[in-house]
Amino acid sequence: MRLDLSGKTALVTGSTQGIGFAIAAGLARAGARVALNGRGESGVASAIDRLRGEVPDADVVAAAGDVSTDEGTARVLEAVPDADVLVNNLGIFGTQSPLDITDDEWRRYFEVNVLAAVRLTRAYLPRMTSRGWGRIQYIASDSAIVIPAEMIHYGVSKTALLGVSRSFAKAAAGSGVTVNSVIAGPTHTGGVEDFVYQLVDKDLPWDEAQREFMRLHRPQSLLQRLIEPEEIANLVVYLASPLASATTGAAVRVDGGYVDSIVP
């Protein structure tokens with residue numbers, strides 16, 4: 001099975017590191033022209049250098065801008081006026097007692113995790129439908145379904161993305177454009193390492209800390225380890241390809257069996 005995205009332009013938000021960078025690298029390996037996005041130009045430039053080191057023949061575009069704001073979104077749209085593939089990966093997370101989450105913090109999570117994706121979908125979807133091909137994806141989380149008590153603002157924002165994804169899929173019905181969400185499970189990134197050490201002994205070596213975190217806080221995982229970003233990227237690249245033409249309006253899981261359900 002060959003995933004060929006030659007001639008396609010893909011924008012991945014929040015792609016200077018972690019899952020977003022792995023997705024961008026996977027799309028580049030499949031032949032897509034990839035736009036890397038981050039808030040600052042220097043971070044984007046560093047990520048482009050890294051990506052070209054990993055994928056020497058990659059066609060990469062800088063798309064710096066904070067897409068959680070109107071101004072930042074305008075900068076990104078100027079850099080990438082049209083896209084065949086949009087991967088809404090940008091997201092923030094953190095732990096906080098539910099009773100301590102302020103209205104401003106709730107708003108911040110929705111601006112970054114939900115409205116940023118909605119803005120870009122509104123911008124790119126009409127062009128995709130007019131030419132009869134396109135792929136839009138939202139990187140959700142197992143927390144959208146199994147909302148953690150210590151981060152309900154994050155979980156609820158990801159639940160909202162599932163509804164956003166299904167609704168935009170209906171808006172694109174019959175057009176040749178597919179819209180899906182990807183439910184990513186607990187994944188090994190730098191940010192997650194910090195999160196793990198908030199919940200387990202900070203003096204533990206990483207391998208022990210990871211196992212302890214999964215045992216205490218994610219015991220239902222069938223994988224029994226953190227997922228690597230490249231494993232998330234593999235599914236995203238497939239969904240972005242012509243081979244996934246019949247998958248739309250779906251919430252597709254790559255969660256290591258974390259969600260205890262026999263349906264997606």
### Message
Residues to consider are Val236, Val182, Val259; find the one that is under 20 Å from the mean Cα position of the chain (by Cα) and either in a loop (DSSP other than H, G, I, E, B) or not assigned by the TED database to the domain that holds Gly155 (or both).
### Response
Val259
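Among the residues of the stretch 47-61, is there at least one that is hydrophobic (A, V, I, L, M, F, W, C) and under 19 Å from Tyr124 (Cβ atoms)?
Start the filter on the stretch 47-61 by keeping residues that are hydrophobic (A, V, I, L, M, F, W, C), which leaves 47-48, 51, 55, 58, 60-61.
Next, only the ones that are under 19 Å from Tyr124 (Cβ atoms) stay: 60-61.
Yes, the stretch 47-61 contains a residue that is hydrophobic (A, V, I, L, M, F, W, C) and under 19 Å from Tyr124 (Cβ atoms).
Can you tell me which residue within the stretch 70-100, out of those that are among the charged types (D, E, K, R) and outside any helix (DSSP H, G or I), is nearest to Val44 (Cα to Cα)? Lay out the reasoning, then the answer.
To start, the set of residues in the stretch 70-100 that are among the charged types (D, E, K, R) comprises 70-71, 75, 78, 82, 84, 100.
Still in the running and outside any helix (DSSP H, G or I): 82, 84.
Numbers: Asp82: 19, Asp84: 21 Å.
Of everything passing the filter in the stretch 70-100, Asp82 is nearest to Val44 (Cα to Cα).
Kindly indicate the residue of the stretch 211-221 that is under 22 Å from the mean Cα position of the chain (by Cα) and part of a loop (DSSP other than H, G, I, E, B) and also farthest from Gly257 (Cα to Cα) among those meeting that condition.
Filtering the stretch 211-221 for residues under 22 Å from the mean Cα position of the chain (by Cα) gives 214, 218, 221.
Now narrow it down to the ones that are part of a loop (DSSP other than H, G, I, E, B): 218, 221.
Details: Arg218: 11, Ser221: 5 Å.
Taking the candidates together, the pick is Arg218.
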### Query
Residues of the stretch 101-113 being in a helix (DSSP H, G or I) and either touching a residue at least 60 places away in the same chain (Cβ under 8 Å) or in contact with a Phe, Trp or Tyr (Cβ under 9 Å, 6 or more places away or on another chain) (or both), which ones?
Tyr109, Asn113
### Among the candidates Thr102, Thr95, residue that is over 20 Å from Ile23 (Cα atoms) and modelled with pLDDT under 95
Thr95
### Message
Quick check on the stretch 230-264: of everything there that is crowded, with 22+ Cβ neighbours inside 10 Å and in contact with a Leu (Cβ under 6 Å, 6 or more places away or on another chain), which residue is nearest to Pro186 (Cα to Cα)?
### Response
Gly256
#### Entry: Residues located in the stretch 70-89, provided they are under 17 Å from Arg122 (Cβ atoms), open to solvent by less than 50 Å² (accessible area, probe 1.4 Å) and out of contact with any Leu (no Cβ under 9 Å at 6 or more places or on another chain)
Gly72
### Count of the stretch 118-141 residues which are in a helix (DSSP H, G or I) and open to solvent by less than 10 Å² (accessible area, probe 1.4 Å)
4
### Summary
Given (1) under 30 Å from Ser241 (Cα atoms); (2) open to solvent by 10 Å² or more (accessible area, probe 1.4 Å); (3) touching a residue at least 40 places away in the same chain (Cβ under 8 Å), Thr159 misses just (3)
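The values are calculated or read from the model by the stated rules, or taken from the named source; none is laboratory data. These numbers come from a predicted model, not from an experiment. Virtual Cβ from ideal backbone geometry, glycine too; neighbours counted across all protein chains shown. What goes into the accessible areas is simple: the full protein's heavy atoms, side chains included, and nothing from ligands, DNA or RNA. Shrake-Rupley method; radii C 1.70, N 1.55, O 1.52, S 1.80 Å.
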